[in-house]
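The block underneath contains the structure these notes are about, expressed in structure tokens.
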Amino acid sequence: DIPATIKDADVDKDLPKSKKLRLKIEGIRPKVQQAIHQQGVMSVKINNFESFNKLVEACDFLVKLYESLSEWSKISYTMAHVAFSEINMTEFHSDIDKLKNKLNELSNFNDNYPILIELNTKILDTTPFIEQLEFLAFGKMQLRHWNLLFEACDRQNAYHNDITIEELMNLGILRAR
């Protein structure tokens, strides 16, 4: 079963369960290949095992989906709870790019799942701000620079040393370019 929303997903429980299921399915593969080979030797076609291949694809999709949800959970936690000054922006950007690529693969397989649409939306809401975040992270911002930036965005006295990416987004600082 694929959860409808990100909140419905229990990644800690379902990711290991999906990986275990994938291992079981892969354990059946030699028997399936042997049966196909035996059919070839006897020149009969009883079963082409199309459903097995669909099962393998569905299981791979499920594992990649839960891995993507796990990665998003880490990114989301970083954005909401880790001070901006403590984030390795190169690594953060790389993590988002990897997740975007994985989501593109999943969308190519099947993009009808609401959870996949929700996850794509969350990434698309974040990616436009990567460039601004990198400018801020690599710009050697001092307290006076931050205060000037916040004043220019009409958010006087909103800056604090432990400000997070989520706060920067919510305050509209990143939209100001």
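Observations on the model:
- Residues located in region 163-177, provided they are open to solvent by 100 Å² or more (accessible area, probe 1.4 Å) and either in contact with a strand residue (DSSP E or B) (Cβ under 8 Å, 6 or more places away or on another chain) or closer than 17 Å to Ala83 by Cα (or both): Asn170
- Within region 68-89, residues that are without any contact (Cβ under 8 Å) to a residue 40 or more places away in the chain reach partners that are open to solvent by 30 Å² or more (accessible area, probe 1.4 Å) and among the charged types (D, E, K, R) with beta carbons closer than 8 Å, at six or more positions or on different chains, in the pairs Glu71/Asp95; Glu71/Lys98; Glu71/Lys102; Lys74/Asp95.
- Residue among Ile46, Ile28 that is among the β-branched types (Val, Ile, Thr) and surrounded by 11 or more Cβ atoms within 10 Å (Cβ to Cβ): Ile28
- Screening Val44 against (1) farther than 25 Å from Pro114 by Cβ; (2) at pLDDT 90 or above; (3) of a type in the set (A, V, I, L, M) leaves a single unmet condition, (2).
- Looking only at region 38-77, and only at residues there that are under 24 Å from Asn120 (Cα atoms) and aromatic (Phe, Trp, Tyr), the one that is nearest to the chain's Cα centre (by Cα): Trp72
- Residue count, region 75-133 (criterion: of a type in the set (Gly, Ala, Ser) and touching a helix residue (DSSP H, G or I) at 6+ places or on another chain (Cβ under 6 Å)): 1
- The condition of being small (Gly, Ala, Ser), outside any helix (DSSP H, G or I) and over 15 Å from the mean Cα position of the chain (by Cα) holds for only one of Ala35, Ala4, that being Ala4.
- Summed over region 106-124, residues that are of a type in the set (D, E, K, R) and either modelled with pLDDT of 90 or more or in contact with a Ser or Thr (Cβ under 9 Å, 6 or more places away or on another chain) (or both) total 2.
- Residue in region 141-154 that is under 13 Å from Phe84 (Cα atoms), open to solvent by less than 40 Å² (accessible area, probe 1.4 Å) and either modelled with pLDDT under 90 or not small (Gly, Ala, Ser) (or both) present: yes
- For region 74-116, residues that are more than 19 Å from Phe135 (Cβ to Cβ), in a helix (DSSP H, G or I) and open to solvent by 50 Å² or more (accessible area, probe 1.4 Å) total 11.
The values are calculated or read from the model by the stated rules, or taken from the named source; none is laboratory data. Predicted model only: the values in this text are computed from it and were never measured. Every residue, glycine among them, receives a Cβ derived from its backbone with ideal geometry; neighbour counts consider all protein chains shown. Only protein heavy atoms, including side chains, enter the accessible area calculation; ligands, DNA and RNA are left aside. Shrake-Rupley method; radii C 1.70, N 1.55, O 1.52, S 1.80 Å.
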